[in-house]
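For reference, the structure is listed below as structure tokens.
Every number here is computed from the coordinates shown, using simple stated rules; none is lab data. Here the structure is a predicted model, which is why all the values come from computation and not from measurement. Glycine gets a Cβ as well: all are built from the backbone with ideal geometry, and neighbour counts include every protein chain shown.
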Amino acid sequence: MTSNAGFRFNNSLSGNPIVFDFDTGQSVTLNELARRKAEREIKREASSFNDSLREENWLVIESKLEALLDEEYDEDFLAPTKFIFEAAEKLLSSINNFLGYEMPIPNFIVPDGEGGIKLEWKLNNKHLRLALSEKRVYLYFEHNSKYDGIPNFKAEQLIEKLRWLNQ
């Protein structure tokens with residue numbers, strides 16, 4: 001939306017004309033209108049930058065996921081199941097869309113050999129591991145020799161831990 005100044009209907013004593021800002025429905029000085037327009041433009045550019053980073057992050061994550069499909073598997077080391085692969089893809093895509101530029105790219109996305117997928121992030125001396133399989137869904141985190149885990153975690157808990165990595 002472009003900001004349109006309305007008609008100049010009053011000149012202030014300071015020489016800064018009063019105009020009507022149709023975007024907000026308020027009378028403001030011309031300087032204030034220019035400041036607001038610049039602020040909106042900065043926000044629009046920041047949003048565009050965030051969208052760009054989100055897309056770049058997703059392309060990297062998606063390529064790491066798809067690389068799992070190119071690996072060779074056998075009866076002793078099973079490929080991720082279609083269900084787990086699609087669940088991981090959907091989960092990561094949703095969280096990437098939610099977190100935007102805050103979404104850290106996993107250091108590793110690897111098969112677990114039993115039809116599941118493991119993801120690992122290491123950042124700021126913190127370690128986060130996500131295990132997705134049809135037998136087990138688990139979130140493990142560690143920092144300064146203190147560790148814990150969350151079995152059957154919720155997406156909100158994963159988001160919280162991904163943000164924790166960035167702190």
Item to check | Span from the region 32-78 Cα centroid across to the region 111-142 one, whole angstrom | outcome: 21
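Can you give the relative contact order of the chain as a percent, counting alpha carbon pairs under 8 Å and 6+ residues apart? Intermediate values should be presented prior to the final figure.
Numbers: 238 pairs, mean separation 22.3, N = 167.
Relative CO of the chain lands at 13 percent.
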Checklist entry - At Lys43 and Leu69, where each label point lies 7 Å from the Cα along Cα→Cβ, what is the point-to-point distance in nanometres? => result 4.0
Item to check | Computed FRET value (nearest 0.05) for Asp148 with Glu114, which takes r as the C-beta separation and R₀ as 30 Å | outcome: 0.80
Next on the checklist: Apply the Karplus curve 6.51 cos²θ - 1.76 cosθ + 1.60, θ = phi - 60°, to the phi angles in region 122-136 and return the couplings in whole Hz, x for Gly and Pro.
Outcome noted: 10, 7, 6, 6, 10, 10, 10, 10, 10, 10, 10, 8, 6, 8, 8
Checklist entry - Using Cα atoms only, what is the angle between the long axis of helix 82-99 and the major principal axis of the chain, expressed in degrees (0 to 90) to the nearest 10? => result 30
Checklist outcome for this item: Per the C-alpha gyration tensor (a ≥ b ≥ c, the square roots of its eigenvalues), region 62-142 is rounded if a/c is under 1.5, else prolate if a/b beats b/c, else oblate; here it's prolate
Item to check | Cut-off 10 Å between beta-carbons: net charge of the residues surrounding Glu142, Lys and Arg +1, Asp and Glu -1 | outcome: +3
Item to check | Segment Lys126-Leu78, length gained on full extension (0.36 nm per residue, minus Cα span) | outcome: 14.3 nm
Next on the checklist: Rounding to the nearest 10 and keeping the result within 0 to 90°, find how far the Cα-based axis of helix 155-166 lies from the longest principal axis of the chain.
Outcome noted: 80
Checklist outcome for this item: In order over region 33-44: 3J(HN,Hα) from phi, Karplus 6.51/-1.76/1.60, θ = phi - 60°, whole Hz, x for each Gly or Pro, gives 4, 5, 5, 5, 5, 5, 5, 5, 5, 4, 4, 5
